[in-house]
Amino acid sequence: MTQNDENDVIYEDIETKTSKKVGDDVVMDDESEAPAAAIKKLKEKIKTLEKEKQENMDGWQRERADFINFKKRTETEKLEVIKYANESLVEELLPTLDSFEMAFANKEAWEKVDKNWRIGVEYIYSQLVKALGEHGLKEMNPVGEKFDPKFHVAETHVEVTDAAQDGVIISVKKKGYMLNDRVIIAPQVVVGEHVIARNEAIQ
């Protein structure tokens, strides 16, 4: 091997080593970039999973709230059904109450009836009223109240001298009844009418 050849070999070795070193640097650069890219991907994945988790949580909470509202609504409807389940039966019994009261209203004829029989009938009537009352029946006797077409039926009007009685129920022609908070039979009433007060209101 000549000196030139030896130099060539040395040069080649140096070149090879250099190229290897350069190659190693490249590999190291790739390796240093790989973790950064992986971390970035993991962060993006975490964000995606957190978003999905929040969406799932929001959906679950909405469904839970809907279920709770549905349950409350169902319970309320159930109570309403129970509350007014006897409405038709009560309505059928009301004419019987009216018949009792019509008999009692004719005092002259009622007083002629045997006392013991009268006491028995009055007791039966009070039992019936008590039983219906326990099921939510309330008598409507709105004398002195302001007339309200949602609750009362105006049978007729009478002229009154007191302006404060304008639109006020003066008397009841036929009693009404409520079952719990619902009007099942509106009372038929006589309503006061103060002509001067009405004319002033129109003007």
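What does the charge add up to near PRO142, with Lys and Arg as +1, Asp and Glu as -1, over the other residues with Cβ less than 14 Å from its Cβ? Kindly include the intermediate steps, with their values, before the conclusion.
On the way: positive: LYS138, LYS146, LYS150, LYS173, LYS174, LYS175; negative: GLU139, GLU145, ASP148, GLU155.
Residues near PRO142 contribute +2 overall.
Note down the net charge around LYS78, summing +1 for each Lys or Arg and -1 for each Asp or Glu among other residues with Cβ under 13 Å from its Cβ. Walk me through the numbers on the way to the answer.
On the way: positive: LYS71, LYS72, ARG73, LYS83; negative: GLU75, GLU77, GLU80.
That sum, taken over residues with Cβ under 13 Å, equals +1.
Once the Cα gyration tensor of the range 139-203 is found, what semi-axes does its equivalent ellipsoid get, as square roots of 5 times the eigenvalues, in whole Å, sorted largest first? Present the calculation step by step, with values, prior to reporting the outcome.
On the way: eigenvalues 122, 23, 15 Å².
Each semi-axis is the square root of five times an eigenvalue, giving 25, 11, 9 Å.
Compute the signed sum of charges (Lys and Arg +1, Asp and Glu -1) over the other residues within less than 14 Å, Cβ to Cβ, of ASP58.
Details: positive: LYS51, LYS53, ARG62, ARG64; negative: GLU50, GLU52, GLU55, GLU63, ASP66.
Net charge in that neighbourhood comes out at -1.
Does the range 43-106 come out rounded, prolate or oblate, given a ≥ b ≥ c as the square roots of the eigenvalues of its C-alpha gyration tensor, rounded meaning a/c under 1.5 and, failing that, prolate meaning a/b above b/c?
Working: a/c = 13.32, a/b = 8.89, b/c = 1.50.
Taking the square roots of the gyration eigenvalues as a ≥ b ≥ c, the range 43-106 is prolate.
Computed from the coordinates by the stated procedures, all read-outs in this text should not be read as laboratory data. These figures come from a predicted structure and were not determined experimentally. Here Cβ is always computed from backbone atoms with ideal geometry, including for glycine, and neighbour counts include all displayed protein chains.
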